[in-house]
Amino acid sequence: MHAKDILIDGYGRIREEVHATVEDLGPDDLNARPAAGTNSIAWLVWHLTRVQDDHVADAFGLDQVWTAQGWQKRFGLDLPRHDTGYGHSPAKVAKVRVDSAELLTGYCDAVHEQTLGALRSLTAKDLERVVDENWDPPVTLGVRLVSVLSDDLQHVGQAAYVRGLLQSTSA
């Protein structure tokens, strides 16, 4: 198995888990925050997708799906156009509200397709290319892709946990 095949499988798991986590949830559950200062399922899924969109687009020299395909307008959030949710305060988290799971999965699917297209073209040598010199050591494409994969899987796990909390309190 080649490294790109492992990455393709890993990113596919993010998409699968996002769909499983938001399936059959309405706006109340998607936007619920289990306690003051916590994140909602909507915010977690939006954020993980924005980070993937931002980081993959930057690493491969692509336009972000968020702006290029009109997802920013569809979400209609009162946030700056390139906001990914990094460092959001509880007040900013509260601004990320959605009306449907389909909005979240639609954006996730569009980002996933762009990510897959980029990953399919990878060679082993590509993974060694430096994509961020702001760190010591500089970040390679391989490290960036694994970092995004890890971050996204953690956030979708958090969203699944929130779903479980909400379902346990409504039973």
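The values are calculated or read from the model by the stated rules, or taken from the named source; none is laboratory data. Keep in mind that this is a model prediction, so the values were computed, not measured. Note: ideal-geometry Cβ built from the backbone for every residue, glycine included; neighbour counts use all protein chains shown. Surface accessibility is based on the protein's heavy atoms, side chains included, excluding ligands, DNA and RNA. Shrake-Rupley method; radii C 1.70, N 1.55, O 1.52, S 1.80 Å.
All conditions but one from (1) of a type outside the set (Asp, Glu); (2) open to solvent by less than 50 Å² (accessible area, probe 1.4 Å); (3) under 28 Å from residue 20 (Cβ atoms) apply to residue 139; the one that does not is (3). Would you check if there is a residue in the range 14-21 being assigned to a loop (DSSP other than H, G, I, E, B), under 24 Å from residue 99 (Cα atoms), of a type in the set (Asp, Glu) and at pLDDT 95 or above? Scanning the range 14-21, I find no residue that is assigned to a loop (DSSP other than H, G, I, E, B), under 24 Å from residue 99 (Cα atoms), of a type in the set (Asp, Glu) and at pLDDT 95 or above, so the answer is no. Just to be sure before I move on: is residue 102 over 26 Å from residue 34 (Cβ atoms) and open to solvent by 80 Å² or more (accessible area, probe 1.4 Å) in the structure I sent? It is false that residue 102 is over 26 Å from residue 34 (Cβ atoms) and open to solvent by 80 Å² or more (accessible area, probe 1.4 Å). Count of the range 1-27 residues, restricted to those that are among the polar types (S, T, N, Q) and out of contact with any Leu (no Cβ under 9 Å at 6 or more places or on another chain), is 0. Pairs linking a residue in the range 149-171 that is under 16 Å from residue 52 (Cα atoms) to a residue that is open to solvent by 80 Å² or more (accessible area, probe 1.4 Å) and not in a helix (DSSP H, G or I), with Cβ atoms under 9 Å and 6 or more positions apart or on different chains, do not occur.
To keep it simple, each residue is scored yes or no on (1) open to solvent by less than 10 Å² (accessible area, probe 1.4 Å); (2) of a type in the set (Val, Ile, Thr).
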position: 53; (1), (2): yes, no
position: 67; (1), (2): no, yes
position: 83; (1), (2): no, no
position: 94; (1), (2): no, no
position: 111; (1), (2): yes, yes
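What residue, among those in the range 113-135 that are modelled with pLDDT of 95 or more and among the small types (Gly, Ala, Ser), is surrounded by the most Cβ atoms within 10 Å (Cβ to Cβ)? So the residue we want is 118. Within the range 72-81, the set of residues being over 17 Å from the mean Cα position of the chain (by Cα) and open to solvent by 100 Å² or more (accessible area, probe 1.4 Å) comprises 73, 78.
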